[in-house]
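The values are calculated or read from the model by the stated rules, or taken from the named source; none is laboratory data. From a predicted model like this one, the values you see are computed outputs, not experimental measurements. Positions of Cβ are backbone-derived with ideal geometry, glycine not excepted, and every protein chain shown enters the neighbour counts.
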Amino acid sequence: MTLAKRIGKYPVIREVAHGAVGTVFEGFDPDTGGKVAIKVLRAEHLPDHAADSAGARFQREADATRRLRHPNIVTVFEYGEQGRIRFIAMEFLKGRELRQVLRERGRLALDEAVSVMVQLLDALGHSHRQGVVHRDIKPSNVMVLDDELRIKVLDFGIARIESAAYTQLGSMLGTPTYMSPEQIRGEPADGRADLWAAGVVLYEMLVGRPPFTATTGGAMDLLRNVGLQEPAPVSSLNASLPASLDDVLRRALAKKRDDRFQDAGAFGDALVHAVAAAEPGVDLEVADSTPVDLDLSAAPPLPQAPSPGEPR
């Protein structure tokens, strides 16, 4: 894509990332002088049906994220169109995907994993209360902002929005490793599908691999394992972990959604209580050094990250 001098009202500084259907530029807001990330849809070379799908997903991401104002969710300022260009202006983040952090470190320490999960669950609780189900929670959609592991949730492109006609019955949307059994069956996903995915992320942070993997059968083998296989207890894979975590993850990854945690606050409470009971000497704190509030549904929002950042 040729670098434009301006997209919407935003002067463009440089291109920072690009993919098959999107390019992200660094720009700034002339009204505030602050940096922004400008995500531009690039669908001009796609077949018509693929371009329509990409456009719908792009619009969905803007609509979903504009509903949300939370310190652990990327902030969207504007959705706009400029000729044939569609763009989203959002806060400019500097950091790395959780996926990259895990690749570099293998797994996180227990207190670090709990801190990340408290923030992720607080973000999901807010999203769900606003009627938005993410449907693609995974490490590459979680941005780690600094060494204190403050996070932002990204990419609501396949979100389900209550009262909006976006969800298609019988369609399978998401990333197979992190998809709940009901998503694999093509059923409508509610907030408990996000909590399943959060459970998969927690498992991966604790032991260095997701709970469900393919052996020889590729993607179909993986999907079958999600529906039928019980993952190994994390305490059997990492001897430093308390057995109390096994019960939390067993419930988070229950095959039937009615058997899982029914909201993000319940998941967070169970996680923090399990670790505190097993490791009374561990000081469980979130990234801003404020003690964890066990009632996540009522917890005050974490403070905004002070540094700007680089989009994914």
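Yes or no, residue by residue, for (1) in the same structural domain as Val200 (by TED's automatic domain parsing); (2) exposed (fewer than 14 other Cβ atoms within 10 Å of the Cβ); (3) of a type in the set (A, V, I, L, M); (4) at pLDDT 80 or above:
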residue	(1), (2), (3), (4)
His18	no, yes, no, no
Val21	no, no, yes, no
Val24	no, no, yes, yes
Gly34	no, yes, no, yes
Lys39	no, no, no, yes
Arg42	no, no, no, no
Ser53	no, no, no, no
Gly83	no, yes, no, no
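Considering the conditions (1) touching a strand residue (DSSP E or B) at 6+ places or on another chain (Cβ under 9 Å); (2) closer than 17 Å to Ala274 by Cβ, Asp194 is excluded by exactly one of them, (2).
Here Leu237, Leu253, Leu223 are screened, and the one residue that is farther than 22 Å from Leu124 by Cα and modelled with pLDDT of 90 or more is Leu237. Checked against the criteria, Val116 does not count as buried (at least 17 other Cβ atoms within 10 Å of the Cβ) and either modelled with pLDDT under 95 or not assigned by TED's automatic domain parsing to the domain that holds Leu237 (or both).
Evaluate the stretch 191-209: report whether one residue or more is acidic (Asp, Glu), crowded, with 22+ Cβ neighbours inside 10 Å and either modelled with pLDDT of 95 or more or within 14 Å of the chain's Cα centre (by Cα) (or both). Yes, the stretch 191-209 contains at least one residue that is acidic (Asp, Glu), crowded, with 22+ Cβ neighbours inside 10 Å and either modelled with pLDDT of 95 or more or within 14 Å of the chain's Cα centre (by Cα) (or both).
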